[in-house]
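Taking it in order: structure first as structure tokens, then the write-up.
The values are calculated or read from the model by the stated rules, or taken from the named source; none is laboratory data. These numbers come from a predicted model, not from an experiment. Here the Cβ is made from the backbone with ideal geometry for all residues, glycine too, and neighbour counts use every protein chain on show. Side chains are part of the model used for accessible areas, which takes the heavy atoms of the whole protein and leaves out ligands, DNA and RNA. Shrake-Rupley method; radii C 1.70, N 1.55, O 1.52, S 1.80 Å.
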Amino acid sequence: MKNIGIQRENVIHFLRAAFNQKIPFTKFPGMVYQFGYGTLSQLLNSSFTENSSFISTSLAKDKGTTLEVLSDAGIPTPKHSQINHPNDAIKFANNFGFPIVIKPGNTEGGVGVTLDINNENDVTLAFQKALKFSNHVVVENYITGHDYRLV
């Protein structure tokens with residue numbers, strides 16, 4: 001799918017799932033896709049639908065705020081912190097242990113995210129990568145498991 005110009009990770013997950021479930025999809029201009037036909041169809045732009053509220057969308061795009069909202073609601077989240085310098089991420093890893101994840105604070109679809117960081121040199125590289133996409137950066141413990149996309 002990347003070969004046909006799809007760059008956003010969320011889109012790839014949804015298109016693959018639709019293909020596997022034999023759900024027809026149509027690409028509209030931009031990054032909007034229609035899944036299904038008629039009254040049961042659903043429009044998606046990344047993981048956002050025509051039913052996504054502005055407030056929910058804004059919260060979902062802010063990683064630090066999302067983690068705080070989930071944590072406050074009693075939903076288990078990885079240990080996390082917003083950081084301003086690679087040294088802050090190294091301190092985090094020294095306190096909570098490697099491996100860690102470093103991600104831009106306000107992107108979607110996995111853009112600029114580095115997973116499974118296990119040493120201080122890679123922390124610095126991942127922090128610099130994340131800064132290319134956002135002016136604030138989040139660090140969290142790396143947790144293995146399934147990646148679920150909820151719409």
Log entry: pair-distance distribution for the chain, C-alpha pairs binned every 10 Å from zero, whole % per bin is 10, 35, 31, 18, 5, 0
Counting other Cβ atoms within 10 Å, keep those with at most 10, restrict to DSSP loop, and tell me which chymotrypsin sites (Phe, Trp or Tyr not before Pro) in the range 73-151 are left.
-> Y148
A correct Karplus calculation of ³J(HN,Hα) over the range 77-83, with 6.51 cos²θ - 1.76 cosθ + 1.60, θ = phi - 60°, whole Hz and x for Gly and Pro, returns 10, x, 4, 7, 7, 7, 10
Largest to smallest accessible area among I23, I117 [probe 1.4 Å] = I23, I117
Given Cα pairs under 8 Å that are at least 6 residues apart, what percent is the relative contact order of the chain?
-> 22 percent
Per DSSP H run of at least 4 residues, take -39500 (n - 2.57); add these up for the chain, divide by its residues and hand me the 222 nm value, nearest 500 deg cm²/dmol.
-> -10500 deg cm²/dmol
Roughly how many Å² is the accessible area per residue of the range 26-151, as a whole number, for a 1.4 Å probe?
-> 61 Å²
How much of the accessible area of the range 92-151, in percent, comes from carbon and sulfur atoms when a 1.4 Å probe is used?
-> 50 percent
With every protein chain present, what accessible area does K91 have (1.4 Å probe, heavy atoms only), rounded to the nearest 10 Å²?
-> 130 Å²
Using a simple charge model, +1 on the beta-carbon of Lys and Arg, -1 on the beta-carbon of Asp and Glu, nothing else, what dipole does the range 7-72 show about its Cα centre, in debye to the nearest 20?
-> 360 debye
Work from the charge dipole of the chain (Cβ charges, +1 for Lys and Arg, -1 for Asp and Glu, about the Cα centre) and give the residue of V137, S52, L40 farthest towards its positive end.
-> L40
Please work out the FRET efficiency for the pair Q128 and F19, using the Cβ-Cβ distance as r and a Förster radius of 41 Å; give the result to the nearest 0.05.
-> 0.70
XL table K27/K132; K27/K79; K27/K61; Cα-Cα > 27 Å flagged, in table order, is K27/K132; K27/K79
